[in-house]
Amino acid sequence: MSPRLATVLLSACAVLALAGCGAGATRTAVTRTATSGPRTVAVRASATSASKRAAASRATPPPPSYPRVLTAALGSSPTTFVPAVSWRGETAVWISRSPSGVALLSFDQRLVELRLHSGTVDAGGSGWRFGPAVLGAELGRLVAAFNGGFKFSTGAGGFESNGRLGAPLRNGLGSIVTYTNGRTDIGSWNQGVPAAGTPVASVRQNLNLLIKNGTAAASLDCISCWGATLGGVSDPARSALGITADGHLVWAGGEHLTPSELAAALLGAGVVRAVELDINPEWVAGYLYGHRRGVGPLAPVPVVPGQNGVPGYFLAPYSRDFFTVEAR
């Protein structure tokens, strides 16, 4: 819309508003006050207030009943954190993309919560609370999804969901712990998490903490300490999940990252504790989901520019465990 056209339309709206509210209210006041006195003034004031409330309601429609992906999330150009998803009129997710190719999502846990899904192979089997595809009621509130940790066969960590073990939990390992109240925390198992007396819904462990107490791990220069890379490269696709001091969850991923670069990106976002998740191109992917005005299938929006991606976008059965983020 051109500035000139916008000015014309605003002027027209102002004229219409004046003609419909100001002039009409004045005419009614003159006519009725002369015949009915103070009682009519009170009635008129009440009617005017009701009209204003109705007009405000028409001017500000209620927020949609589904999470809404915002325009800033659809690009691929570098940007500092900008709103990416709104829910109930508030920003639930922010997105950032660095010139070096690191993408970050910051989640407000007041508005969203994390879910740990089992895959068909890891953890395998049936009967998990959240299985190898996003289904049913979760689809209507799906905000985002991203990869889980290493294959269980590497022995790098454990998996528990609703009291059922997929892989044994080990003391001291970096753990993503979601409680039954919907809040998630990150820390070393039995050395910070879980919180005493708070029922646990799920746990995903992967290696030692990448970031602890706001400081990157001392072993970042040991590339092999952070997983076997395809072709032995130092900077394959990598991902991680961290938490800030005020409780925001931050997912970071990129197609070419060393452990140091991944940690630096998270520290730059204010993360104080973090767990490295999966690495290598076939297993690192993050998506936001457009809801097409609440009609039709979801529209996956890739988060990492040029990411290899996951077949089915986590909406079809997938072999590996993964996380979803759902609106509360």
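The values are calculated or read from the model by the stated rules, or taken from the named source; none is laboratory data. Note that the structure is predicted; figures quoted are calculated from it, not measured. Virtual Cβ from ideal backbone geometry, glycine too; neighbours counted across all protein chains shown. Just the protein is used for accessible areas: all its heavy atoms, side chains included, with ligands, DNA and RNA removed. Shrake-Rupley method; radii C 1.70, N 1.55, O 1.52, S 1.80 Å.
For the range 254-299, the set of residues classified as open to solvent by 10 Å² or more (accessible area, probe 1.4 Å) and of a type in the set (F, W, Y) consists of W283 only. Looking across the range 221-247 at every residue that is part of a loop (DSSP other than H, G, I, E, B) and of a type in the set (V, I, T), the one that is nearest to G192 (Cα to Cα) is identified as T229.
Figure legend. Inter-residue proximity from the range 304-322: first residues of a type in the set (K, R), second residues modelled with pLDDT of 95 or more and in a helix (DSSP H, G or I), beta-carbon distance below 7 Å, spacing 6+ or different chains. Indicated pairs: R320/W283. When the residues of the range 164-192 are filtered to those that are over 25 Å from the mean Cα position of the chain (by Cα) and under 16 Å from H117 (Cβ atoms), the one that is least open to solvent (accessible area, probe 1.4 Å) is A167. Residue count for the range 55-92 under the criterion of being touching a strand residue (DSSP E or B) at 6+ places or on another chain (Cβ under 6 Å), polar (S, T, N, Q) and modelled with pLDDT under 95: the result is 0. Would you call F130 under 16 Å from P317 (Cα atoms) and assigned to a strand (DSSP E or B)? So F130 does not fit the description; no.
Just need a number here: residues in the range 196-223 that are open to solvent by 40 Å² or more (accessible area, probe 1.4 Å) and either at pLDDT below 95 or in contact with a Lys or Arg (Cβ under 9 Å, 6 or more places away or on another chain) (or both). Residues meeting the conditions: 3.
Among the residues of the range 308-326, is any farther than 13 Å from L104 by Cβ, of a type in the set (G, A, S), modelled with pLDDT under 95 and in contact with a Pro (Cβ under 9 Å, 6 or more places away or on another chain)?
Yes: the range 308-326 contains one or more residues that are farther than 13 Å from L104 by Cβ, of a type in the set (G, A, S), modelled with pLDDT under 95 and in contact with a Pro (Cβ under 9 Å, 6 or more places away or on another chain).
Kindly indicate whether E113 is open to solvent by 20 Å² or more (accessible area, probe 1.4 Å), closer than 25 Å to G214 by Cβ, touching a residue at least 12 places away in the same chain (Cβ under 8 Å) and not in a loop (DSSP other than H, G, I, E, B). Yes. Please count how many residues of the range 248-301 are assigned to a helix (DSSP H, G or I) and aromatic (F, W, Y). The number of residues fulfilling the criteria is 1.
Against the criterion of being at pLDDT 95 or above, among the aromatic types (F, W, Y) and open to solvent by less than 40 Å² (accessible area, probe 1.4 Å), W251 qualifies. Taking the stated definitions as given, is T244 of a type in the set (V, I, T) and under 17 Å from the mean Cα position of the chain (by Cα)? In short, yes. The single residue among R204, R238 that is of a type in the set (K, R) and touching a residue at least 60 places away in the same chain (Cβ under 8 Å) turns out to be R204.
In this structure, F150 qualifies as open to solvent by less than 60 Å² (accessible area, probe 1.4 Å) and in a loop (DSSP other than H, G, I, E, B). In the range 92-108, the condition of being open to solvent by less than 40 Å² (accessible area, probe 1.4 Å), under 26 Å from T60 (Cα atoms) and not in a strand (DSSP E or B) is met by at least one residue.
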